[in-house]
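The values are calculated or read from the model by the stated rules, or taken from the named source; none is laboratory data. This is a predicted model, so every value here is computed, not measured. No Cβ is skipped: glycine too gets one built from the backbone with ideal geometry, and neighbour counts run over all protein chains shown.
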Amino acid sequence: MAGICCGVVREGETSASMEPSSRTLKRRKVELLTYKFIADVAVPPAVECSRKRQKLELYASTAASSTRECCKNGVQSSEAKSKDESEGSHACEALRSSRPVNLRENSASTELVENKILRLENPRFGVTSVCGRRRDMEDAVSVHPCFSQEEGSVSKGCHFFGVFDGHGCSHVAMKCRDRLHEIVKEELESDRLAPAQWKEKMERSFTRMDEEVQESNGSDRIISNCRCELQTPRCDAVGSTAVVAVLTPEKIVVSNCGDSRAVLCRNGVAIPLSSDHKPDRPDELVRIEAAGGRVIYWDGARVLGMLAMSRAIGDNYLKPYVIPEPEVTVTDRTDDDECLILASDGLWDVVSNDTACGVARMCLRAQNPPSPPRSPGSSGEVRNDAAFESSDKACSDASILLTKLALARHSTDNVSVVVVDLRRERQQQ
Amino acid sequence: MSVISSSAAYLSSAIRDNSPEHESFKKFFDCWLSEQNQQLQDLIFTAKSFSSTPVDEAALRSLIERVMNHYECYYRTKATWSRHDVCAMLTPSWLSSLEDAFLWIGGWRPSMAFHLLYSKSGLQLEAPGKLDELIRSITTTTTTTTGQDLADISPEQLSRVNELQRRTIIEEKEISEEMARCQETLAGPDMVELSDMVSEQLGTNNGSIVDDVGEEDRVESALKPREKGLEEVLKRADELRLKTLNDLVDLLTPIQAVHFLIAAAQLHLKIHEWGKKRDAKHHLAA
């Protein structure tokens, strides 16, 4: 728990010290902070990604100090890290799950437990998030492996993945990136919930997220130095989509609000785990009109002729027609599951679910051809390490290739892609 | 090499002869364009031969350096001329009206470089079989096939491109703001006062010669700092253009840089050609 507190406090400091400064100052400060916290990054990364990385590391430390269960990550990160250093570059947006090397010692101790944990707890993922052909970056991505360590809580050993696609300005998406995992964690840890309560917990988290966005609109409008202040004082005309996957050892819980999307690749078949909230989706149209709103076709279907999605975090000016309530799906994981793709519409507008799954699947398979299950042992341990490192690379390869494909197909939006490896072939049999 | 020296020759002769600025710059520009065309052929030849037999990396680098030096020569010359007449450099008479319409502070918009990169990269990625080849190259985990063209951009490269793009857009916005401030000073109190004064004088005095001379001096001295301001903005804009090109070329592998420079030269030359043709047609029609 000490680690968790530490992580939260540091984060608080970061955002507090950042807020009253100009954009340039903000960047400089974050760079300094980055240096302080992760001295191993060769090139000062950008604002968003440095914070992201920093947080990843903080959470990894959190995991290390409170429990050993995530410690295997240390090994795989050391690979990724030395690679970063040797190339003198920072794989910033395309970050891998790099975590401090000093976790390595922990991993040698309890092999058996670890092997079990590996299967259950080690997230292998790749993230790519680029500005693309837009002038503003309004996408944000949040990845928090083992984001809750509360003993006995359902969220223990769960991983959090979120993609947020902002509109109007970036600050609601940023806020979701910075806060939603914490809110979800609080909600999940608040009491011992029955599995059936996932829906309620996630809905409540999204409502709280939306409330926080509203509050910040009122209070620290001057503090957040963003584009929308220059253009219009109406900061409530800003919002964000949110697609969040909480990955448990047994389940994939996807909560979606807006037109970002989560797609499961199972045995080569693309299964959407969320359904886009478009104003012309029949049930959404009915809901909007029942609330007294109108959907007007103006460069596509738009709520009141303005917003091209029917649900979002923020967007106070369109309430109650546009709501922050997510649709939640709970999917049991199977041995046929290959990967989960979360992405903003920058990808989905130009790449179909099937194509995306096909590409991601080929990348994962290419890297790691199906091998016979190995019995645990010291040699197996080493092999596992290698496989893990490469598997992470495979996820990165997949996310980057999907991003490049989106850009190749003339995507005009920001493109953010998260690929999570769901395969269990290294599981002990 | 004789071609290279010719645009450089224009530069020195024009300064020496003190000939009418935009006339000489036009000559320089035409000469520079034909050199660019020549270099484009070299780049294309290199890219083609690279696909059959790998070209020595040193040769690639020296070709890239030559092309980049040519760009640098352009901006150096432009800077010299803008010290003489910044207004002419901001309203280039040597360009077609099509190019004029898409100008950002007397040249191409720096953030366009990223669109160019993504578009060319996309073109190469969507080439038949390329996607399969890329996935296969992941299988083999060898790095021999990576960095062959712009479809092979690595995660590290993409993240650096993305970061460079964001920095470039921020700077582009700052320069646009500076331009706005500069343009707004044209309606400053001294200018309004001056225009008001001379207009009223004109009404009462019928404009004597003595007054005209005085007026010219005063107008000149009022415009001087404003032109200086424009010159500064243009300098920053040109620096950003060159820096963006340099930074992009630096983060690409040599052969990727060759592909990028081909795309840049082709687009530049073609848009100039199409623009000139359109102008000729409109001119005939009118």
Would you confirm, using the coordinates I've provided, whether A:Leu285 is part of a helix (DSSP H, G or I), among the hydrophobic types (A, V, I, L, M, F, W, C) and at pLDDT below 95? no
Condition broken by A:Asp335, with the remaining ones in (1) at pLDDT below 95; (2) part of a helix (DSSP H, G or I); (3) of a type in the set (Asp, Glu) satisfied: (2)
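Of all the residues that make up the stretch B:264-286, how many are hydrophobic (A, V, I, L, M, F, W, C) and surrounded by 13 or more Cβ atoms within 10 Å (Cβ to Cβ)? Quick ask: steps written out before the conclusion?
Start the filter on the stretch B:264-286 by keeping residues that are hydrophobic (A, V, I, L, M, F, W, C), which leaves B:264-265, B:267, B:269, B:271, B:274, B:280, B:284-286.
In the following step, the residues that additionally are surrounded by 13 or more Cβ atoms within 10 Å (Cβ to Cβ) were identified as B:264-265, B:267, B:269, B:271, B:274.
Total meeting the criteria: 6.
Given the options B:Ser24, B:Ser62, B:Ser13, name the one that is modelled with pLDDT under 90, more than 20 Å from the chain's Cα centre (by Cα) and in a helix (DSSP H, G or I). Working first, answer last.
Working: B:Ser24 fails: more than 20 Å from the chain's Cα centre (by Cα); B:Ser62 fails: modelled with pLDDT under 90.
That would be B:Ser13, the only listed residue that is modelled with pLDDT under 90, more than 20 Å from the chain's Cα centre (by Cα) and in a helix (DSSP H, G or I).
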Identify the residue in the stretch A:306-336 that is surrounded by fewer than 24 Cβ atoms within 10 Å (Cβ to Cβ) and basic (Lys, Arg) and, among all such residues, is nearest to A:Ala270 (Cα to Cα). A:Arg333
Check the stretch A:319-326 and report whether any residue there is of a type in the set (A, V, I, L, M, F, W, C) and closer than 16 Å to A:Thr241 by Cβ. yes
Do we find that B:Thr143 is at pLDDT below 95, polar (S, T, N, Q), exposed (fewer than 15 other Cβ atoms within 10 Å of the Cβ) and farther than 25 Å from A:Val127 by Cα in this structure? no
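Step by step: first the residues of the stretch A:317-371, then only those that are among the polar types (S, T, N, Q) and either out of contact with any helix residue (DSSP H, G or I) (no Cβ under 7 Å at 6 or more places or on another chain) or under 28 Å from A:Val184 (Cβ atoms) (or both), then the one that is farthest from the other protein chains (Cβ to nearest Cβ). Which residue is that?
Across the stretch A:317-371, the extreme among qualifying residues is A:Thr329.
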Among the residues of the stretch A:264-289, write down those that are crowded, with 24+ Cβ neighbours inside 10 Å and under 18 Å from A:Ser399 (Cα atoms). A:Leu264, A:Cys265
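Restricting to the stretch A:115-144, and then to whatever is part of a loop (DSSP other than H, G, I, E, B) and modelled with pLDDT of 90 or more, can you tell me which residue is farthest from the other protein chains (Cβ to nearest Cβ)? Break it down stepwise before answering.
Going residue by residue through the stretch A:115-144, those that are part of a loop (DSSP other than H, G, I, E, B) are A:122-123, A:131-138.
If we keep only those that are modelled with pLDDT of 90 or more too, we end up with A:131-138.
Values: A:Cys131: 6, A:Gly132: 7, A:Arg133: 6, A:Arg134: 9, A:Arg135: 6, A:Asp136: 8, A:Met137: 6, A:Glu138: 12 Å.
It comes out as A:Glu138.
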Specify which of the listed residues (B:Ile271, B:Ile262) is at pLDDT 95 or above and over 28 Å from B:Arg83 (Cβ atoms). B:Ile262
Quick check, is B:Val192 of a type in the set (A, V, I, L, M) and either on the phi > 0 side of the Ramachandran plot or at pLDDT below 95 (or both)? yes
Among B:Ser111, B:Ser137, B:Ser121, which is within 10 Å of chain A (Cβ to nearest Cβ), within 25 Å of B:Val55 (Cβ to Cβ) and modelled with pLDDT of 90 or more? B:Ser121
Look at B:Lys130 and say whether it is in contact with a Phe, Trp or Tyr (Cβ under 8 Å, 6 or more places away or on another chain) and either farther than 24 Å from B:Glu174 by Cα or away from chain A (no Cβ under 14 Å) (or both). no
Starting from residues that are facing another protein chain (nearest Cβ under 7 Å) and among the hydrophobic types (A, V, I, L, M, F, W, C), keep the ones in the stretch B:154-169 and report whichever is nearest to A:Val418 (Cα to Cα). B:Leu158
